[in-house]
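The structure appears below as structure tokens.
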Amino acid sequence: MLQSTRTIGIVGLGLIGGCMALDLKQLGYVVYGVARRPATVMAALEQGVVTQASCDLSLMAEADVVVVCTPMATIVPTVGQLADLLPASVIVTDVGSVKGEIVAAATSLWPNFVGGHPMAGKAESGLSAAEAGLFRQRPYVVTPIETTQSAAVEQVVAIATQLGSQVYRSTPTAHDQAVAAISHLPVMVSASLLHTCLGEADVQVKTLAQKLASSGFCDTSRVGGGNPELGTMMAQYNRPALLQVLHQYRHQLDTLIQMIDAQQWDVLEQTLSIAQAERPKYL
Ligand code: NAP
């Protein structure tokens with residue numbers, strides 16, 4: 001446990017908030033949780049995920065650090081509400097999957113704000129999917145801007161390190177461009193793959209394909225078959241960066257189509273060889 005932080009508040013006790021609360025409690029912190037629905041408050045207390053829980057945001061006034069783990073659309077409004085409740089010393093951070101707009105708006109409401117993004121997740125959502133150790137050996141990006149107080153950044157880095165994460169620092173813009181390529185583009189590509197298969201006009205072929213689909217299809221369709229609300233929010237909040245990589249991807253597809261159409265097998269093999277050789281750099 002950190003000397004300067006004994007009590008951590010979590011707003012939003014879903015998958016990410018629940019996982020974080022479990023780990024922080026195990027690390028010895030006093031963890032206060034705020035959920036939207038009373039049923040979630042009850043479940044969090046029954047499961048021992050938090051020390052205290054409430055639907056009332058004023059519980060967060062007791063915390064040294066507050067982590068906002070609500071859906072992206074409600075992060076900035078939540079920081080606005082917290083600003084009326086918290087002593088100025090409290091560090092507020094978030095876990096939103098896109099950083100640019102959120103960090104700018106949240107910092108203007110609460111100067112002691114530090115953007116964060118744990119790069120860990122599951123297909124399921126909600127508190128019932130929460131488990132200990134989700135962030136262990138996963139990247140955790142912290143996205144300070146020029147005005148972010150360095151002491152606050154160090155506190156958030158220290159907490160993420162205690163969760164077992166590999167911490168990276170980046171600007172919000174670079175973060176959003178990187179996650180557009182490695183996280184948001186794959187969701188759109190994988191969903192397009194599923195739609196391509198669903199669009200098969202021959203019912204017999206379509207049914208056979210559904211029966212034959214095996215490990216390769218399982219790997220490549222997993223993220224496209226995940227939480228639609230999260231995928232839509234990624235596109236909504238990271239629109240310019242996602243559009244840029246989608247256009248680059250369409251260009252890649254056109255290049256592959258030309259190679260196959262022109263039967264340029266050597267060129268195709270070279271392209272696939274580069275993909276095979278470079279893939280480990282992303283894993
Ligand atoms: P989730 O499982 O659906 O949980 C969201 C929780 O937020 C729900 O339990 C809901 O509470 C609560 N909530 C909604 N509005 C609220 C409000 N105004 N005040 C308090 N609580 C509120 O979603 P999640 O996957 O944990 O995602 C949460 C955040 O983590 C998002 O910003 C997302 O971008 C980020 N993130 C997600 C992943 C991932 O893979 N899932 C990975 C990294 C980061 P009730 O149960 O009370 O309705």
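The values are calculated or read from the model by the stated rules, or taken from the named source; none is laboratory data. All figures in this text were calculated on a predicted structure; none of them were measured in a lab. When we count neighbours, we look across all protein chains shown, and the Cβ atoms used for this are built from the backbone with ideal geometry, even at glycine. When the accessible area is computed, the model is the full protein with side chains, heavy atoms only, and any ligands, DNA or RNA have been set aside. Shrake-Rupley method; radii C 1.70, N 1.55, O 1.52, S 1.80 Å.
Being of a type in the set (A, V, I, L, M, F, W, C), surrounded by 23 or more Cβ atoms within 10 Å (Cβ to Cβ) and under 22 Å from Met119 (Cβ atoms) holds for only one residue in Met20, Met60, Met72, and it is Met20.
Suppose we filter Leu163, Leu212, Leu198 for residues that are modelled with pLDDT of 95 or more, assigned by TED's automatic domain parsing to the domain that holds Asp94 and either closer than 16 Å to Gly121 by Cβ or open to solvent by 80 Å² or more (accessible area, probe 1.4 Å) (or both); which single one remains?
Working: Leu212 fails: assigned by TED's automatic domain parsing to the domain that holds Asp94; Leu198 fails: assigned by TED's automatic domain parsing to the domain that holds Asp94.
On inspection, the qualifying residue turns out to be Leu163.
Being of a type outside the set (A, V, I, L, M) and in contact (Cβ under 8 Å) with a residue 40 or more places away in the chain is a property that His195 lacks. Looking at the stretch 92-102, can you tell me whether even one residue there is in a helix (DSSP H, G or I) and open to solvent by less than 10 Å² (accessible area, probe 1.4 Å)? Within the stretch 92-102 (the criterion being in a helix (DSSP H, G or I) and open to solvent by less than 10 Å² (accessible area, probe 1.4 Å)), the answer is yes, since at least one residue qualifies.
Just one of the listed residues (Gly12, Gly18) is assigned by TED's automatic domain parsing to the domain that holds Ala132, closer than 14 Å to Val92 by Cα and within 11 Å of the ligand (Cβ to nearest atom), namely Gly12.
Within the stretch 229-276, the set of residues being within 16 Å of the ligand (Cβ to nearest atom) and open to solvent by 100 Å² or more (accessible area, probe 1.4 Å) comprises Glu229, Gln236, Arg239. Residues that are out of contact with any helix residue (DSSP H, G or I) (no Cβ under 9 Å at 6 or more places or on another chain) and more than 10 Å from the ligand (Cβ to nearest atom) were ranked within the stretch 62-79; the one that is modelled with the highest pLDDT is Ala63.
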